[in-house]
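The values are calculated or read from the model by the stated rules, or taken from the named source; none is laboratory data. None of these values were measured; they are calculated from a predicted model. A quick note on method: Cβ atoms are made from the backbone with ideal geometry, for glycine too, and the neighbour counts reach across all protein chains shown. We work out accessible area using only protein heavy atoms, side chains counted, and drop any ligands, DNA or RNA first. Shrake-Rupley method; radii C 1.70, N 1.55, O 1.52, S 1.80 Å.
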Amino acid sequence: MSERGWWWLWMQCPGIGAARMRQLCSAVAEVPGGLQEPWRWSLPRLQKVFGWPEPVLCSFEHYRRSLGLQPRIEVPSHVLLPGDPGWPAAFDNLQRPPLSIQWLGNRDLLSLLSSQQAIAVVGTRRPSSHGLRMAACLGRALARAGWPVVSGLAEGIDAAAHRACLESGGQTVAVLGTPLHRVYPPEHRQLQQAIADAGLLITEFRDSERVSRSCFARRNRLLAAVTKAVVVVECPQNSGALRTAAMARSMDIPLWVVPGDALRDSAQGSNALLGSGAEPLINPQDLIQQLGPGPCLPGSHADQGLAEDDGNTMPCTPVQIRLLKLLNDDFSFDEMVQSLQSNPESIASELLQLELAGRVKAQPGLRWRAL
């Protein structure tokens, strides 16, 4: 079994978290067998080397007996581990780094997160109408400028930024506080699926893990770590968005804040950030001008929408890239409209452009085939 497989094995042992994984890696750094070596150690030796308490040793012994001394475990294809291509190096500098990341969607976006080529838009679950409009405006502006939008898929500001980015044909990434198969809040099932189809979902929580309030606080550190800048639209005191902002500051990530109504409780936290030196954001175009063109604009080095056609490179729009992917998955016209959360007229127009470019062929019954 590879060292990658041994990491996956050890990290699932009850009682083994980030600190004890660091102990293990430090102890076997110069050992030829790597993480395989301590798997065979006796309990007294493990206790002597690591100082693990009795309950952890008992849990480990039960876990080891269930798998045997020569376990065979495959790392699932949707799992990203430290050292893998696309693993964000900033995660390793966190006080409590994730042991793995589960992902679903466009794998190409992982490389942009790894190089911090994305913008976080966060805020309260109960925003004002002004906050919702600004979040949507930011989502659209960033999408059109080619910047992936990262948020936490919560109600309010997060959802507004995700939706506006999708509607504008942009790339959006949701950092979940749940395992991939869970949806929270339940009303976001369709939105979560749309992001999986057109963007990316990531989480540090495995399918077997229980969800608690602390899970949503923990995801905020990951959200900040993968971004080039963080924008707080509106939030009250003691908001999770403030923890994201604090994490951004600790990593020297630029922090922008939309000024809010001084008399609204929902803007007290974000306005306080302005008082402590955050950059005020009046117009989303000010942020775009500061950032410059994003990595997802057609023609940029990171753009994934370049297709070869008779030796010529032909750029596709982000919406067309997603349409081609859905066509390859045999989606019907109605299913494409629903998946992209767009209107039929817009989708029909994009399909016509693809047909004129020789990228798709119309079929009977409102269906198309990618060429």
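Would you calculate, for the chain, the mean residue ellipticity at 222 nm contributed by helices, counting each DSSP H stretch of 4 or more residues as -39,500 (n - 2.57) and dividing by all residues, to the nearest 500?
Values: 17 runs with 165 residues, N = 371.
Helix-only estimate at 222 nm: -13000 deg cm²/dmol.
Principal axes first, then extents: for the Cα atoms of the chain, list largest minus smallest coordinate on each axis, whole Å, largest first.
Result for the chain: principal-axis Cα extents of 69, 57, 36 Å.
Over the chain, what is the relative contact order in whole percent, taking alpha-carbon pairs under 8 Å and six or more residues apart?
Rounded, it is 13 percent for the chain.
In degrees between 0 and 90, to the nearest 10, how far off the longest principal axis of the chain does helix 344-356 point, with axes built from Cα atoms?
Value to nearest ten degrees: 90.
Give the value in nm², to one decimal: projected area of the alpha carbon convex hull of segment 86-131, averaged over all directions.
For segment 86-131, the mean projected area of the Cα convex hull comes to 5.0 nm².
Measure nothing but the geometry: give the 0 to 90° angle between the long axis through the Cα atoms of 189-198 and the longest principal axis through the Cα atoms of the chain, rounded to 10°.
Between the helix axis and the principal axis of the chain, the angle is about 80 degrees.
Using Cα-Cα distances under 8 Å and only pairs 6 or more residues apart, what relative contact order does segment 116-184 have, in percent?
Details: 131 pairs, mean separation 23.9, N = 69.
Relative contact order of segment 116-184: 35 percent.
Once you sort the root eigenvalues of the Cα gyration tensor of segment 103-220 as a ≥ b ≥ c, which label holds: rounded (a/c under 1.5), prolate (a/b larger than b/c) or oblate (the other case)? Before the final figure, lay out the partial values.
Working: a/c = 1.72, a/b = 1.20, b/c = 1.44.
Cα axes put segment 103-220 in the oblate bin.
Give me the angle, in degrees from 0 to 90, between the Cα long axis of helix 240-250 and the longest principal axis of the Cα atoms of the chain, rounded to the nearest 10.
Helix 240-250 and the main axis of the chain meet at about 70 degrees.
Report the Cα centroid-to-centroid distance between segment 118-173 and segment 322-371 in angstrom, as an integer.
25 Å
Given the protein chains as shown and a 1.4 Å probe, how many square angstrom of F50 are accessible, to the nearest 10?
Accessible surface of F50 is approximately 20 Å².
Considering only protein heavy atoms, what per residue accessible area in square angstrom results for the chain with a 1.4 angstrom probe?
Accessible surface, normalised per residue, equals 47 Å².
How high is the FRET efficiency between H78 and T317 when r is their beta carbon distance and R₀ equals 25 Å, given to the nearest 0.05?
0.40
In what order, largest first, do M251, M336 sit by accessible area if the probe radius is 1.4 Å?
Result, largest first: M251, M336.
Would you kindly find the accessible area of D330, with a 1.4 Å probe and non-protein molecules such as ligands, DNA and RNA excluded, rounding to the nearest 10 Å²?
The value for D330 is about 110 Å².
Note the direction-averaged projected area, equal to a quarter of the hull surface, for the Cα convex hull of segment 63-168, in nm².
Reported value for the Cα convex hull: 9.3 nm².
Per Stokes-Einstein, at 37 °C and 0.692 mPa s, what whole-number D in µm² s⁻¹ belongs to segment 32-80, with the Kirkwood radius over Cα pairs as the hydrodynamic radius?
It comes out at roughly 267 µm²/s.
Taking a probe of 1.4 angstrom, what is the accessible area of W103 in Å², to the nearest 10?
Counting only protein heavy atoms, the figure is 40 Å².
With no solvent and one equal point scatterer per Cα, compute the Debye intensity ratio I(q)/I(0) for segment 12-61 at 0.17, 0.28, 0.29 Å⁻¹ and report its log10, rounded to two decimals.
-0.46, -1.29, -1.37
Within the accessible area of the chain, what % is carbon and sulfur when the probe is 1.4 Å and the other protein chains stay in place?
On the chain, the fraction of accessible area on carbon and sulfur atoms equals 49 percent.
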